[in-house]
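Visitor: Submitted below is the structure of interest, expressed as structure tokens.
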Amino acid sequence: MFPFSLRSRGLRTSLWLLAAVIASSACQERSHAKRATVPTNTKPAPVKSTDRAWVDLDRVEIPIEARDGAEVALTRNFYFIFDGSGSMNEKVSGACGPSDRFSSKLDGAVWAVEQFMTSVPESVNLGLYTFDASGQGERLALRSGQKARFLDKVRMIRAGGKTPLAEAIGIATDRLVSQYKHQLGYGEFRIVVVTDGEAEDLDRAAKYAAAYGIPIYTIGLCVGASHPLRQYSVSYRSADNFEDLKRGLEATLAELPDFDVAAFE
């Protein structure tokens, strides 16, 4: 049996070595966590919703994998769907946006978007899909630094035609899912819909977006609170005039959280 003094010294040495090993292991784990750049999650972060079918749907996993050009980015992405259908050419009168400033709903809606864009940073990726008298399609692919081009495209809209809103939502979802992969699952992604009417297959299109975790922010111009997109939109705002429309767009921006890039470095 060892003398007490030697045994105590050996015990102290063993405890010191054990503490050193634990500290070294903890440092290595922290270093590894700091170096990690590819997120382990494969789904967008949950989004707040109050009512609705949004929270009841099964989510589709979005595979995240490193590929050429893909990198972690906290970039915000707004994909706009602007309704330029024939009804947007209606005169503003009665309960819907009475104003001497605008000759049609389209004129007032364009003004509201112009006002809103003054608050949007150049760093935001903007995309635009419209349907109007010249047809339907993507007018602007998702990219940053193109606020001026975005506004030019909006000002070129001429009211006419139908309301293929469901198809537009499907395309917007695909564009944002692709960008989500490109940013390796980081950042903000939302569809912003400005519309004054309803369309066929909206239920199916909205479920498609919700299943991928892509939130829809809808501003319904003079259509009341019962629009079919209400139950699938993270935010639905009914605008009875163009000031309401402007405030609805501004609220969409205000609801974006602030990100601290340093937290991810």
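The values are calculated or read from the model by the stated rules, or taken from the named source; none is laboratory data. Since the structure is predicted, the reported quantities are computational estimates derived from the model, not experimental observations. Here the Cβ is made from the backbone with ideal geometry for all residues, glycine too, and neighbour counts use every protein chain on show.
Visitor: I need a count of the residues in the range 197-211 that are buried (at least 17 other Cβ atoms within 10 Å of the Cβ) and at positive phi.
Guide: Here the count works out to 0.
Visitor: What number of residues within the range 74-99 satisfy the criterion of being buried (at least 17 other Cβ atoms within 10 Å of the Cβ) and either at pLDDT 80 or above or part of a loop (DSSP other than H, G, I, E, B) (or both)?
Guide: 16
Visitor: Mind telling me which of the residues 150, 131, 102 ends up being under 19 Å from residue 250 (Cα atoms) and of a type in the set (Phe, Trp, Tyr)?
Guide: Being under 19 Å from residue 250 (Cα atoms) and of a type in the set (Phe, Trp, Tyr) holds for just one of 150, 131, 102, which is 150.
Visitor: Next up: Assess whether residue 197 counts as being of a type outside the set (D, E, K, R) and touching a strand residue (DSSP E or B) at 6+ places or on another chain (Cβ under 9 Å).
Guide: Here the answer is yes, as residue 197 does meet what is asked.
Visitor: Return the total of residues in the range 158-205 being of a type in the set (Gly, Ala, Ser), part of a helix (DSSP H, G or I) and in contact (Cβ under 8 Å) with a residue 60 or more places away in the chain.
Guide: Result for the range 158-205: 2.
Visitor: Taking the criterion of being buried (at least 22 other Cβ atoms within 10 Å of the Cβ), at pLDDT 90 or above, on the phi < 0 side of the Ramachandran plot and out of contact with any Phe, Trp or Tyr (no Cβ under 8 Å at 6 or more places or on another chain), would at least one residue in the range 170-185 satisfy it?
Guide: The answer is no; no qualifying residue exists.
Visitor: Can you tell me how many residues in the range 142-151 are surrounded by 19 or more Cβ atoms within 10 Å (Cβ to Cβ) and either free of Cβ contacts under 8 Å to residues at least 12 places away in the same chain or under 14 Å from residue 84 (Cα atoms) (or both)?
Guide: Here the count works out to 0.
Visitor: Look through 71, 138, 65 and report the one residue that is charged (D, E, K, R) and part of a strand (DSSP E or B).
Guide: Just a single option satisfies the conditions, and that option is 138.
Visitor: For the range 236-248, enumerate the residues that are buried (at least 20 other Cβ atoms within 10 Å of the Cβ), within 20 Å of the chain's Cα centre (by Cα) and not aromatic (Phe, Trp, Tyr).
Guide: Residues satisfying the conditions are 245, 246, 248.
Visitor: So, in the range 207-227, how many residues would count as being more than 26 Å from residue 107 (Cβ to Cβ) and free of Cβ contacts under 8 Å to residues at least 60 places away in the same chain?
Guide: If we filter the range 207-227 for residues that are more than 26 Å from residue 107 (Cβ to Cβ), which is where we start, we get 207-215.
Those left that are additionally free of Cβ contacts under 8 Å to residues at least 60 places away in the same chain: 208-209.
Matching residues across the range 207-227 total 2.
Visitor: In the set 114, 122, which member is of a type in the set (Asp, Glu), at negative phi and assigned to a loop (DSSP other than H, G, I, E, B)?
Guide: 122
Visitor: Let me ask you something else. Name, by its number, the condition in (1) of a type outside the set (Lys, Arg); (2) within 20 Å of residue 112 (Cβ to Cβ); (3) surrounded by fewer than 20 Cβ atoms within 10 Å (Cβ to Cβ) that does not hold for residue 154.
Guide: Failed condition: (3).
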